[in-house]
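Encoded as structure tokens, the structure appears first; notes follow it.
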Amino acid sequence: MRKSELIIDHIKDIPGLEMSLLPTPVHRLNNLSDRLKADIYCKRDDLTAFAFGGNKTRKLDYLVKDALVNGYDSLITFGAVQSNWCRITSIAGKVNGLDVFLVLEGIKPEKDTANLLLDKLAGADISFINSLERDDIIRQVEIKKQELEKAGRKPYYMPVGGSVAIGSVGYIRAMAEILEFSENSDVYFKNIIVASGSAGTQAGLVAGQVISGWKGSITGMAVSRARYEQEQNVFE
């Protein structure tokens, strides 16, 4: 069995939606490759398409399905005022018949623009907390969640970025796509480099590596935390 098939066989019984257009292409970056004298390729997850695309759609394919399967009637999460994660969550909820509740970090803007405007157009219920401290934000989300539960609702909580085990399945699948590209093109990668924020994307790739036995290296470029803290988040 090919390495990509080992991964797909491992996750085949985990239900997911098909909001994302997959597989996304892998493109050689010719100019950068020539300049650095190395073969550099890009996995084009900006082309997942749903709700303007990005890596979060892969996670929401599994998170939203999990919410639906287990009888939740709404989604609740948090992020920055112009969060891509919150934008895609708002639209995913709307498409799948789930109300969306967002707690956004910072002061409410005078005018709704960009992602915040799209959140509202998708019908998300939005509250703001004038703090960037993670503990304060999570406390506010928990208060909102308890209010909903007391009102008879069943909200499905997702941390920022959807970085929990079920969400990371989306990037286990992405690892299968990378390996399948290699198997079909004879382009075999030694290193994968990925931006690592809430850690779920990197964690999914690492899990796919473990399942498949791929011998390369996966390097996460931490965007907001010290190296040790981010390593712990990935392992968790």
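The values are calculated or read from the model by the stated rules, or taken from the named source; none is laboratory data. Only a predicted model underlies this, so the values are computations on that prediction, with no experimental measurement involved. So basically every Cβ, Gly included, is an ideal-geometry build from the backbone, and we count neighbours across all protein chains shown.
Tabulated values for the structure
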| read-out | value |
| --- | --- |
| Only listed residue being out of contact with any Lys or Arg (no Cβ under 8 Å at 6 or more places or on another chain) and in contact (Cβ under 8 Å) with a residue 60 or more places away in the chain, chosen from 137, 192, 172 | 172 |
| Filter result (buried (at least 18 other Cβ atoms within 10 Å of the Cβ), at pLDDT 95 or above and not hydrophobic (A, V, I, L, M, F, W, C)) within segment 192-219 | 201, 202, 204, 208, 209, 212 |
| Which numbered condition residue 161 fails, given (1) on the phi > 0 side of the Ramachandran plot; (2) in contact (Cβ under 8 Å) with a residue 60 or more places away in the chain; (3) not in a helix (DSSP H, G or I) | (3) |
| Residues that are outside any helix (DSSP H, G or I) and either farther than 30 Å from residue 107 by Cα or under 15 Å from the mean Cα position of the chain (by Cα) (or both), drawn from segment 42-74 | 42, 43, 44, 48, 49, 53, 54, 55, 70, 71 |
| Filter pass, residue 228 being part of a helix (DSSP H, G or I), aromatic (Phe, Trp, Tyr) and more than 21 Å from the chain's Cα centre (by Cα) | yes |
| Tally of residues being of a type outside the set (D, E, K, R), surrounded by fewer than 15 Cβ atoms within 10 Å (Cβ to Cβ) and in contact with a His (Cβ under 8 Å, 6 or more places away or on another chain) across segment 23-71 | 1 |
| Single match in 189, 181 (criterion: within 13 Å of residue 5 (Cα to Cα), of a type in the set (Phe, Trp, Tyr) and either in the same structural domain as residue 13 (by TED's automatic domain parsing) or crowded, with 16+ Cβ neighbours inside 10 Å (or both)) | 181 |
| Criterion: farther than 11 Å from residue 78 by Cβ and charged (D, E, K, R) - qualifying residue of 125, 136 | 125 |
| Counted residues, segment 96-119 - those being surrounded by fewer than 14 Cβ atoms within 10 Å (Cβ to Cβ) and under 20 Å from residue 57 (Cα atoms) | 2 |
| Pairs with Cβ under 7 Å, 6+ apart, first in segment 16-38 and more than 23 Å from residue 184 (Cα to Cα), second hydroxyl-bearing (Ser, Thr, Tyr) and assigned to a helix (DSSP H, G or I) | 16/62; 19/57 |
| Among (1) farther than 18 Å from residue 54 by Cα; (2) β-branched (Val, Ile, Thr); (3) crowded, with 18+ Cβ neighbours inside 10 Å, the one test that residue 160 misses | (1) |
| Any hit, segment 51-58, residues being touching a Cys at 6+ places or on another chain (Cβ under 7 Å), over 21 Å from residue 155 (Cβ atoms) and touching a residue at least 12 places away in the same chain (Cβ under 8 Å) | no |
